[in-house]
Each structure stands twice: as structure tokens, then as C-alpha cells.
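S.K.: My questions all concern the structure below.
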Amino acid sequence: MWFCVVRSSDLGKPGAFKTVQVGTESILVTRARSGAVRAFYNVCRHRGATIRTEESGEVKRTFQCPYHAWTYDLDGKLIAAPNLTKMADLDRVEYGLVKVHVREWLGYVWVCLADDPPSFEDDVLAAVTERLGALDLIDNYDVPSLEVGRRIVYDVQANWKLIIENFMECYHCATIHPELTEVLPEFADGYAAQYFVGHGAEFGDEIQGFTIDGSAGVDRIPGVSEDQDRRYYAITIKPQVFVNLVPDHVILHRMFPMAVDRTVVECDWLYLPGVVAGGKDLDKSVELFHRVNEQDFEACERTQPRMSSRTYAKGGVLVPSEHHIGAFHEWVQDRIG
Amino acid sequence: MWFCVVRSSDLGKPGAFKTVQVGTESILVTRARSGAVRAFYNVCRHRGATIRTEESGEVKRTFQCPYHAWTYDLDGKLIAAPNLTKMADLDRVEYGLVKVHVREWLGYVWVCLADDPPSFEDDVLAAVTERLGALDLIDNYDVPSLEVGRRIVYDVQANWKLIIENFMECYHCATIHPELTEVLPEFADGYAAQYFVGHGAEFGDEIQGFTIDGSAGVDRIPGVSEDQDRRYYAITIKPQVFVNLVPDHVILHRMFPMAVDRTVVECDWLYLPGVVAGGKDLDKSVELFHRVNEQDFEACERTQPRMSSRTYAKGGVLVPSEHHIGAFHEWVQDRIG
Amino acid sequence: MWFCVVRSSDLGKPGAFKTVQVGTESILVTRARSGAVRAFYNVCRHRGATIRTEESGEVKRTFQCPYHAWTYDLDGKLIAAPNLTKMADLDRVEYGLVKVHVREWLGYVWVCLADDPPSFEDDVLAAVTERLGALDLIDNYDVPSLEVGRRIVYDVQANWKLIIENFMECYHCATIHPELTEVLPEFADGYAAQYFVGHGAEFGDEIQGFTIDGSAGVDRIPGVSEDQDRRYYAITIKPQVFVNLVPDHVILHRMFPMAVDRTVVECDWLYLPGVVAGGKDLDKSVELFHRVNEQDFEACERTQPRMSSRTYAKGGVLVPSEHHIGAFHEWVQDRIG
């Protein structure tokens, strides 16, 4: 499946790289000299050492394994190794870094570790169409052109599937999200924005912006339509991305499952470049969903330890406003099955 | 099997609760409005969140799950949930908290997680009769009426079965319990108080009370018979309770197995209410068995890591004064089947 | 297999002991009254307690288990236990500590946990002969007579097999060992000292001694031959010993595998007794291989986490100068077989 790993702008120029964990593998994502993004298993072909152990960095022209100095160019090709000339039978392409499929979309790098990846259109884009009704509704926000105004990383002691289930329903909103239901009063009824195709939850009458206290936000994204103004849209792209659209910013979550009961969540708040460059105060804007995140993750952590209880062996109950989670359960069982 | 979890007086009034770990399950023990004790799996029926994460606390009338606000009364019945009225088909009793069998005895709450629990009489009471010869010998101490003068919790890096074996034999007493054998000279011979039916180990001639230095104890429990005065009785109630009877107090151990090599032991020192209320100095009284506990648990921790040695694959040797431990081994193997 | 555990001189006199971990077992190594070295499972025959929990110490005449006071002499025979006289049927030899096979060589104690150990000559000595061509080449260094000038213990987060593979090849030397290749210029070519039978790597022309800066070392070991002077020899004795010979000292590594991804390495620097007694400054001498150790172990730790990558499932590539590592792989697979 497609896995959203890195904000493209974090790979500013050729040689910039990030390392990310995808399942149990370490993946090295970088930008080639052509400007294209590349991703490789972060494993030297010679004896298996980790090519780069840092989370991010920058090389000039090559990745050199620090163990025996095998050297690969930014396209992954083996270009040098001590005594390489004496090893006539060593094919430099065959012994290049093992490539991973890459796509860029929404200004993020998505990778797929499968040899034969599913169609990005059928998998990722279809999830958005299914939710919003049409792709151009997200295009209006021109997400690739936005800039990261804030990034917060959460280390959650819960399985990633609990975090998805939590994000998909709003039956819990009235109980644990007082600030959010203040801004989006219809959330108090328990129906998530993603329950109805194309629906965005409307701001309350007194609400001026998607902020912690309902005060005005920052500059509105120009492409946002009249319909989309004063509304919040949430999209789940299985297995690990949440996109949240509001008139003046986009909040994008990437989940990295680290263990059966641990998930790292990286959350980006994206604004118009002028807003970020202008140094506008983003605190009230960021605080609203940061608080939602903390409330949600605490609920997931409270749920995780009981998943092995014999009383939960057959699962719980899905109330009417949660029935769509059943589809997620079927999706999971299909993939495991 | 029956598991002794909470001192009844720790649930002072309706709504007081404690959470305890029984095997891998979290159990919520509370007192209903009728005054009866109730125990439930600490798991919300809706989506499996932990109802209460604290060790103890008090609610007014209900337990409300903090995730989606499903609300249960003190008898476990589901009495409220957001939009519950719209969920006609949801049976409020069927979706109440899952109950656990409960008994009170000796002033403690005992629970059993089996659907069909064994007879409390055949299981728990029979263990006492088998040891003392008759139940009224323990009734003399009127344990329910006593109060907790001191509670110490030990975190032992050893399997619970090693702690039971240790408690059952006194062959180690001369080696590691100098203070105890001073008070109970016959323990130096290695025969535990529980080796002979009905036998209680006699205090030494110079000993005035069951204290660290043999000085006088506090007020004697009125029901203690002439025979029982100046004697120490020890009872093992498998799988996790030890009861120790001396003329002026009762020491009761509850073991909570946390992992294959870790056991939490809660030990209560119980005295006459007047003794506790009067603020009498209990230090010398408590210190004797506290030291015995520390000596025993250190021995168990020293033994635990070698249990996987190939030289111990067939076990060790039971000397004559330990032969009754063989019956415990058979009992364990029977249950594992 | 034979496992090198303790420097004989660390067991200075009868009753001195060390405890070491060999696989998952704890082994007690001591010196008997006769002066001979003995090794036992560190497990009481009675109920399995650890006889000694310290890393090293000294007893007068016996090992007494602190749990029930079973007492063994320095040859492991059961000589006392409470009430032992009443236990007529308890054979004191049969219930002695379980012995482990012992050999002394190079001034170290080697143990073998197999009931029927392989020939020390075929196993350990043959490894040296195979490497050096003849045993007397190591005898020249008279290793038993040397003294420990420095001991450093490394806790390496890598499997022991990675450490062996690293030690066996020098293809990495040019990349990670600048100081070592300065002293031994031929190492820059990537051929390890152990690649050719009997070959020792020659010091560089300007090099006066095996020190961090090439300055003169300390007193030369008298038996070292003309041929061996100004040369470095490395020997791998599988599964856990490395011996490094230079004219004025010997460096001996013992590896203790602690977990699948953790190995403790004890490294001794051995010098002539007069050098150690004379208080000569050994820092420059020790620093060279200490730095090599740190460089090697960092490389192993960088490699360990990728061993489970699917791209490494079939292993990596062995270049010509590493082909002898293939024989190690076969040896491992034979034993697992």
C-alpha cells in the first residue's frame, strides 16, 4: 500500500535526505540531481549496514556506506567501492540500492514497498473522491503550494488501527473535544464530517475562524470555494493519513506504526507561504487541533490495554453514527486474510 | 479460582472503587448503593476503553467511560449513553459491564473470573480447615472486625509459585530468618507451622510478643483461645493468599502475578480497631514480618533466574521437611493439565 | 564448544571465584585447594538458587547457598546441609554442584558445557595452527606469563556473529581504521592479517611500535622471533576469542553473547610482568586497539538493525578479500544444521 512519508519541501535540493521507518524497514528518501524524488531501502548491498542513521541530512553527490565505503549516486547506482575495478563480475546497477516506488502528491512523498504497487489512483485518490465526491474539492486548497507552519510529533502508546477508528467517528466529540464542538456545533451530535459524502462541518454562528477560541484565522486560501468557506472537511486515507481542510489551513497527519502498541504520529499545519514567511502568530490556529490530537491519543491509549481482554474478544458495539467503522474492520480483515 | 483482591474496608461507602490486575485482566471492584460489593471487568462494552485507570477512587452514582460517555450504575447496568434513546435495540442489561463473581470473607473481597466458579467452601474454606483442623480456629481472630494498621506493597522479581513454595516450608528459616527463629525457636528445626495439621509454632520462653525484639505486643484479640495464645499459625490459600495468625494481630498477604517473573505482593497487618485508633506504636510488631518478607523475597529473586538452567530442568530435591511442597507441584500440574 | 571465560590470574588463590554467563547459563569458576581450576553451574542442587550473585569474590573453604545453607567444598562436593545427617539416602557426590569441563591455556580458563566436549586440541589449538601454520609461533609470546596491563569491557548492541565477521576481514580497514592502517600500511589494501596462513602484517617504515602514534612501544617479549618482530598477527578462535600478537604485547578479546542483538566483549591488554609492575605508561599502546574496537563495534551496531530487512534476506556480497567469511557462514550453518 501507499505510505505517505515525507513533506517534499523537506527535501529542499538534490542530496537532501530523510530516513523513515515503514513497518520494520528503514527507508532513505532523497532528491536526485534531476530534481526527482527517490526512495531506497536504507541498507548497503554489500554487508547490510545502515547507510544513514540520522533522521535527516544532506549529502553532496553520493551516499557512502561508512563501513566499507561502498558508494552510491543519488539514483542509487553503485559508483565506487574499494577495489571495485578488480571485481569485474559485480554489476553496478544490480548492486545498486534497492529502489522503492515513489509518488508525489499534495506536496508529500508517498512510497510503496510492494514489488508491484497498487494503482495510486485507485488507492489514494479514490479515498479522497469517495469522501469528498470529487477530487477538485481538495485541489481548491492547492496543498502542494502551502508551507509547514508547525509540525508536532506525537508518540502514542496505541495501535494505529485504534487511531484510525478514533479519527473516523465523532461520537466521542461531545465527550472529549469541548473546544472542537464549540467551533463545529454539529459535531456535538456525534456525526463525523466524514459520515456524509461531500459534507463539511459548518462553523458555529459566532465563530470567526478555526482557532482555539473561535477568533479569526489567518489569510484564506484563495482557491477555497464559497461552499467550502466556514467549513471543516476530514478525510481518512488508509492506512496512515488524515487530511483536515479548513479555509485558511490544512492539517495533515502521517502515522508511523512502530510496534503493535505504539504509533508515532507526525502532524503538519500547512498555511499560505505568505502567512508563514510573514511570521503571523499561528498559536491559536495550531492549538485547536493540537488539543484535539492530545485528547484523541489519550483516549486511544486508554483503550489499547483492554484490547486483549476476554470480554472484548468479539469486539464492542458500533452505534449508528459509527457504522462506517465496520467497513474499516472488513478492510483490515481482507488484507490480513 | 478465587482470588483475594481488596480489603472490604477500602471500599468505605457506595461508589468507592479499586482497580486490580487479575492475571491479564483489569477488574473494577466497587460497592453498590445497597452496600453490596460488586466486581466488573474494567472494560467499556462500547469500544473497550478502560473505565477507570486509577488504582482507587470514588464516584457518586455512576461509572462513566471517558471516551464516549457510556454510563453504568454501580450495579453495572448501562443507564445512559449519547443518543441511547435512538438505539432501540440496545439492551441495557446485556450491554452492562461484565460481572465477575464476588464473595466477602475475612473482611476481604474475593473474585472469580470463571463463568462457573468452584465452590468457595470447597476451595477457600477447605484450605483453612485442612490446615487448622477446624474453621472456628480462625473465627476466633474475628478477622473481618480488625483494621489495617499497616500495609506494605512489595514488587518481587520472581514467579508467584516460588513465593508459595517459600512460604510453605521452613527449612530455610534457620538460614535467612534469624529474628523469626528467635521468636519461634522450633522454626530453627526446619519444620514449618503448616507441616502439622492444627499446629501453631510456640513462642520462645523469653518471648513476650510477636515483635522484632520479642517485647510485648499490643492488645490481644479477645476471641483467641488459651491454646492459641503464644502461638503463630500460617495458612496458605492457593493460589495467592497467606494468612498469619498471632495473638494480637493477623498478617495477610495477597499476591498479584504481573509477569512470569514478577509478582506484586500486598501485605496487611491487621489489629483491633482500638489499637489502630489509639495510635499505638506498631513499628516493632510490623518490623518482624516485614523483615521476614524482605528475606523471603530476596531468596525468591535469587532463585528465579536459575529456573531455566538445564541443571534444574528436572527440578531440585525436596528434603523431608519440604515433602508437602510436592503436593503443591502436583496441584500446579493438575491445573495446567 | 570451548568458551574462554576467565584470566587464570584473576583466580589468585584457592577460593577466589568469578561468575560468568555462558549462553543462558551462569557458571561459577573457582580455584580448588589443590590449585586446580574448577567450574560449576552456579545453581544450588537443592532448590535452584543462585549460589553467588556477584561477578567475583573470594570464599574461605566452601560455597554456601544463602537460601537453605547447603554447603559445597571447592571441588563442588556437598559437605553440609541442615539436617543432612537425617537424610541418609542423599548422595553427597551425586548432589554436588554440576561440573563443567575445564581447560587452561594461554593463561585463561576455558570451559565446555557439553556432556562430551570436543577435543580441545582439534577445536581450539587447531584454529591457531590453521592460522599461524604452527603452534610454536604463538608459544613464542609466552602468553600465560604475561600480565593484564589494562582491561576494557564493551557492551555492543550487535550479534556476536557480526563481530566475528568484522574481525575476520580487513576490507573495512581503510574506511574506518585510519590509525591502524597508518601503523600497518598493507591493511589499506583490504587483506586481513588472517587471510594468508602464517602471515603477519608488517609495521610501516616509520613506525617504531604498535601505538596510537607509531611511537616506540614497551619492552619486547623475549621469545618473539626475528620474523615476528615488527609484525601484527590476528587469530580468530571460534566462537568467541580473538588473539592479537605484536612484539611487546598481546590483546585478547573474549565475547559473551547476552542476547540475539547484544554481546559483551572483554578485552585484555597483556604485557611482560616487569612492564606492568614497573608502572610504565601504557596509554599510547592501549589507545590504538581501543580505538579499533570502538570503530569496529560502531560498525557492527550500525549493521545489526538491518539484518532483518527483506533486502538482506539472502545476505549481501562477499568481495574477494572477504571470501574466507563464507567458510564462517558454512561453519555456523553446520552447527545450527
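The values are calculated or read from the model by the stated rules, or taken from the named source; none is laboratory data. From a predicted model like this one, the values you see are computed outputs, not experimental measurements. Because the Cβ atoms are built from the backbone with ideal geometry, glycine has one as well, and the counts that use them run over all protein chains shown. Note: accessible area is taken over every heavy atom of the protein model, side chains too, but ligands, DNA and RNA are not part of it. Shrake-Rupley method; radii C 1.70, N 1.55, O 1.52, S 1.80 Å.
S.K.: Search the stretch C:62-79 for residues being more than 11 Å from chain B (Cβ to nearest Cβ) and open to solvent by 40 Å² or more (accessible area, probe 1.4 Å), and hand back the single one that is nearest to the chain's Cα centre (by Cα).
M.R.: If we filter the stretch C:62-79 for residues that are more than 11 Å from chain B (Cβ to nearest Cβ), which is where we start, we get C:62-63, C:72-77, C:79.
Of the ones still in play, those that are also open to solvent by 40 Å² or more (accessible area, probe 1.4 Å) are C:62, C:75, C:77, C:79.
Numbers: C:62: 28, C:75: 25, C:77: 29, C:79: 33 Å.
Residue satisfying both the conditions and the ranking: C:75.
S.K.: So which residues in the stretch A:35-67 are aliphatic (A, V, I, L, M) and either farther than 18 Å from residue A:18 by Cβ or assigned to a strand (DSSP E or B) (or both), if there are any at all?
M.R.: Residues satisfying the conditions are A:37, A:39, A:43, A:49.
S.K.: Looking only at residues that are of a type in the set (D, E, K, R) and surrounded by fewer than 16 Cβ atoms within 10 Å (Cβ to Cβ) in the stretch A:313-337, which one is nearest to the other protein chains (Cβ to nearest Cβ)?
M.R.: My answer is A:314.
S.K.: A further question follows. Looking for whichever is more than 10 Å from chain C (Cβ to nearest Cβ), farther than 30 Å from residue A:140 by Cα and among the acidic types (Asp, Glu) here; the options are A:25, A:54, A:104. Which one fits?
M.R.: A:54
S.K.: Also, I was wondering about something else. Tally up the residues in the stretch B:200-210 that are more than 22 Å from the chain's Cα centre (by Cα), part of a loop (DSSP other than H, G, I, E, B) and not aromatic (Phe, Trp, Tyr), please.
M.R.: Count: 6.
S.K.: Quick check on the stretch A:90-98. Is at least one of its residues out of contact with any Cys (no Cβ under 7 Å at 6 or more places or on another chain), of a type in the set (Phe, Trp, Tyr) and in a helix (DSSP H, G or I)? Break it down stepwise before answering.
M.R.: Initial filter on the stretch A:90-98 (out of contact with any Cys (no Cβ under 7 Å at 6 or more places or on another chain)): A:90-98.
Retained after the next criterion (residues that are of a type in the set (Phe, Trp, Tyr)): A:95.
Next, from what is left, pick out any that are in a helix (DSSP H, G or I): none.
No, the stretch A:90-98 contains no residue that is out of contact with any Cys (no Cβ under 7 Å at 6 or more places or on another chain), of a type in the set (Phe, Trp, Tyr) and in a helix (DSSP H, G or I).
S.K.: How about the stretch C:45-61: which of its residues are closer than 11 Å to residue C:97 by Cα and open to solvent by 50 Å² or more (accessible area, probe 1.4 Å)?
M.R.: C:45
S.K.: Residue check: is residue B:218 open to solvent by 10 Å² or more (accessible area, probe 1.4 Å), farther than 16 Å from residue B:138 by Cβ, out of contact with any Gly (no Cβ under 9 Å at 6 or more places or on another chain) and at pLDDT 95 or above? Step through it out loud before you land on a result.
M.R.: Values: open to solvent by 10 Å² or more (accessible area, probe 1.4 Å): yes; farther than 16 Å from residue B:138 by Cβ: yes; out of contact with any Gly (no Cβ under 9 Å at 6 or more places or on another chain): no; at pLDDT 95 or above: yes.
No: the conditions fail for residue B:218.
S.K.: Right, something else. From the list A:85, A:129, pick out the single residue that is more than 14 Å from chain C (Cβ to nearest Cβ), free of Cβ contacts under 8 Å to residues at least 40 places away in the same chain and assigned to a helix (DSSP H, G or I).
M.R.: After applying the criteria, what remains is A:129.
The rows are residues; the columns are (1) over 18 Å from residue A:71 (Cβ atoms); (2) in contact with a Gly (Cβ under 8 Å, 6 or more places away or on another chain).
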position: A:6; (1), (2): yes, no
position: A:14; (1), (2): no, yes
position: A:21; (1), (2): yes, no
position: A:42; (1), (2): no, no
position: A:49; (1), (2): no, no
position: A:53; (1), (2): no, no
position: A:56; (1), (2): yes, no
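S.K.: If I ask for residues that are more than 12 Å from every other protein chain (Cβ to nearest Cβ), aliphatic (A, V, I, L, M) and open to solvent by less than 30 Å² (accessible area, probe 1.4 Å), which ones from the stretch A:169-207 would you list? Don't jump to the end; show me each part of the working.
M.R.: Of the stretch A:169-207, the ones more than 12 Å from every other protein chain (Cβ to nearest Cβ) are A:178-180, A:182-186, A:192-207.
Add one more test, that the residue is aliphatic (A, V, I, L, M), and what stays is A:180, A:183-184, A:192-193, A:197, A:201, A:207.
A:180, A:183, A:184, A:192, A:193, A:201, A:207, listed by residue number.
S.K.: Does the stretch B:305-312 include one or more residues that are charged (D, E, K, R) and more than 10 Å from chain C (Cβ to nearest Cβ)?
M.R.: Scanning the stretch B:305-312 turns up no residue that is charged (D, E, K, R) and more than 10 Å from chain C (Cβ to nearest Cβ).
S.K.: Is it fair to say residue B:164 is buried (at least 20 other Cβ atoms within 10 Å of the Cβ) and either at pLDDT 95 or above or part of a helix (DSSP H, G or I) (or both)?
M.R.: So residue B:164 passes the test.
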